[in-house]
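Following: one structure in structure tokens, then a few remarks.
The values are calculated or read from the model by the stated rules, or taken from the named source; none is laboratory data. Values in this document were obtained by computation on a predicted structure and should not be read as measured data. When we count neighbours, we look across all protein chains shown, and the Cβ atoms used for this are built from the backbone with ideal geometry, even at glycine. With ligands, DNA and RNA removed, areas are computed over all heavy atoms of the protein, side chains included. Shrake-Rupley method; radii C 1.70, N 1.55, O 1.52, S 1.80 Å.
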Amino acid sequence: MKNNKLSILLRGIIAENPVLILILGTCPTLAVTGNVTSALSMGLAATVVLICSNVVISALRKVIPDTVRVPCYIVIIAAFVTAVQMLLQAFLPSIYEMLGVYLALIVVNCVILGRAEMFARKNTVLDSAFDGLGMGLGFILALFLMAFIREVFGAGSFMGIELGFMQKFKIPVLAAAPGGFLVYGILIAVMNKLTEKKGGVKKKSFSCEGCPSAAICTSKPCLNNEKKEEVENA
Amino acid sequence: MKNLKPTLVLSCICMAVALILSGINMITGPIIEAQRNAAANSALLEVMPDGTDFEEITDLASLNLPESITNVYKETSGKGYVFRVTSTGYKSGMVIMIGVSSEGKITGSKCLETQDTFGKESEIDNKYNEQSLADFAPHMITGATMTSSGYRDAVSSALQGFTLASGGKLDPAIALEAKIPELAPGFTSPAAVDASGSFKKILKASNDAGFAYIFSAGEDAFVALVNATGGCKVFDADGNDVTSAHEAVASEAKAHAAAAQKSYVDALTTKITRLYETATDITAVEISTFNTVVAAVSFKVDGAEYYGFYSRSIGFHQMDVYFVIDANGAIAKMDANQFIFEKEYFHGFAGMDDAAYKAGFEGLTTDTWNGDAAVIATATMTSNAIKQSTNDSFETFNSIKGGAQ
């Protein structure tokens, strides 16, 4: 059982890393990875929301009717995001200002809705919490990696502190928007190469369920997956 | 009935969420509000460290404040006002915050924005502290005269604004002082010199074009202007010529000016004799204009009558421009001391043929002069100064001719 929890936790970090493997939450990934501080703050904020929403959705999984599932998830996620937003504005105003509109956009971050739909509604509260933590750590890790590369090599600084020796070698485009796409693409490529040895990522297992509409979707592959999953869970 | 459960569940979730969020808002709301106020107040507190809370006065129109004041903030416990003033230094767009205590003393000043490049404005920040309208003394920084003047004007506006905002009336003498540039456009940057006699304040033009004497009679204040040739006029606060009613003060002003004024007649006479070797009957003429003309003479060459004018306008720096106008009002000769000087120091003059430039003025009359002859490419400031000198010389010529007829 303990091993199972650990695997849930680790899965989010590497094998099903939300940003680099599941390719979810790309908008904040590109927007806030210009510097390490904002990337870490964004990662933490999203992780808090992810864990809390996973826990609540999992706890209410038997109460929430299927038909109004998605609106309920959205309300719950939006509530946590709003709470985080208000708390940050009150107690960490500098981070609130740094994240700007992207903080509010956590509501529509696909990682969170995706995990609610794929995991929390089918698993226990504790498992969902671990899943949220794992996915959150994976999100933080990916953001940190991107931000580290973009800030150190692009802006020649680390967490806002100027690195003297990097000033001569910095590549300004990395800190700009095109650099974000570039670094992102390279990281995905590296991740694919690394996971290739283990037989590649099982894309099937999250391709269709990652979509919030998977359950009501009538196209064949979705139905098949749904059935498969049910069989596996049973 | 089938739809009832989903509706109920969603409503319950929404209500629970609303309750929780309102709870959090009750905790964070006041903190966020306090932070917003602190951010807005920090700029105000900087110029009024004693203040606690500020409230913006929105109805500025009724206060009739100087135009340069864009925002007024009142300290809510009555410690004074903070003014946001826009001013013009070397370039327009200086924004200065100035705090004035309830006693009318400056509590602090800070330049928030400026287009001037020297960065000298920060050296003036807080230098006016403790000054009031009564003991206001400009703080000038060498090498940044324009910036210093802009700052001075802003502080002066804020002090006037304080008097008006706190329900007082402006001393008419101060309102008059603000009118001097309008009444005597040629008196550049009038600065106070020691006052004496009946005069509350005496101001001297930086280009030596004359003096302005502010005095009061009864409730009202007046200004006597004396130009460099001794011509005098008295104006009231509305800009009306009231010389005839104040003859005594006018002669006192003339006497003061005669003693303090630098005469440019000799310099002009020398110039005329160089321009016209056969000039005779060179006589100084008293003029009644208050422009940049500092000396005027009439003279004769071979029986024909001419007038010579010496104008001190300001271009990039002080200019000395001469015009000779014949009896018909056409320019006979033009010259300026700066051509030799500028050619040496300013690249804009390198390709300039000054003989041709001067000749370009010859024959021009008030009707045919349109400013084109004065243009020197890449030397806008100098060109504008010469334009002003030309206009002023024509104006003075016309006033002499008009007076003679």
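Tabulated results
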{"read-out": "Within chain B, longest stretch clear of exposed GluC sites (Glu not before Pro) (DSSP loop, no more than 16 other Cβ within 10 Å)", "value": "B:131-218"}
{"read-out": "Highest-fluctuation residue, B:152, B:36, B:312 considered, GNM on chain B with Cα pairs under 10 Å", "value": "B:36"}
{"read-out": "Cross-link table B:204/B:271; B:91/B:387; A:5/A:122; A:168/B:110, entries beyond 27 Å C-alpha to C-alpha", "value": "A:168/B:110"}
{"read-out": "Formal net charge of residues neighbouring residue B:361 (Cβ-Cβ distance under 13 Å; K, R +1; D, E -1)", "value": "-2"}
{"read-out": "Interface burial for B against A (accessible surface, 1.4 Å probe, total of both chains, Å², rounded to 100)", "value": "1400"}
{"read-out": "Inter-chain Cβ neighbour average for residues A:63-72, partner chain, 10 Å", "value": "5"}
{"read-out": "10 Å Cβ neighbours from other chains, averaged over peptide B:35-44", "value": "1"}
{"read-out": "Distant-in-sequence amide H partners of residue B:93 (H built 1.01 Å from N, under 5 Å)", "value": "B:87"}
{"read-out": "Choice from B:111, B:232, B:14 showing the highest fluctuation, given a GNM over chain B with Cα pairs closer than 10 Å", "value": "B:14"}
{"read-out": "Average beta-carbon neighbours from other chains, 10 Å sphere, peptide B:6-15", "value": "5"}
{"read-out": "Using θ = phi - 60° and Karplus 6.51 cos²θ - 1.76 cosθ + 1.60, couplings along segment B:74-81 (whole Hz; Gly, Pro as x)", "value": "9, 6, 5, 8, x, 7, x, 10"}
{"read-out": "Cβ-based net charge around residue B:137, under 15 Å, with every Lys or Arg adding one and every Asp or Glu removing one", "value": "-1"}
{"read-out": "Cα-based shape type of segment B:172-260, given that a ≥ b ≥ c are square roots of the gyration tensor eigenvalues and the cut on a/c is 1.5", "value": "rounded"}
{"read-out": "Interchain or long-range residues, amide H under 5 Å from residue B:220's placed H", "value": "none"}
{"read-out": "Selection from A:163, A:26, A:103, by position along the positive dipole direction of segment A:2-201 (Cβ)", "value": "A:26"}
{"read-out": "Length-normalised contact order for chain B - Cα pairs under 8 Å, 6+ apart - percent", "value": "8"}
{"read-out": "Cβ charges +1 (Lys, Arg) and -1 (Asp, Glu), total dipole of the protein assembly as shown, debye", "value": "4960"}
{"read-out": "Residue with peak Gaussian network fluctuation, chain B [Cα springs, cutoff 10 Å], from B:27, B:282, B:331", "value": "B:27"}
{"read-out": "Long-range HN-HN contacts of residue B:316 with modeled amide H, under 5 Å", "value": "B:382"}
{"read-out": "Helix-derived mean residue ellipticity, 222 nm - over chain B, DSSP H n ≥ 4, -39500 (n - 2.57), to 500", "value": "-12000 deg cm²/dmol"}
{"read-out": "Local electrostatic count, residue B:125, Cβ distance below 12 Å [Lys/Arg +1, Asp/Glu -1]", "value": "0"}
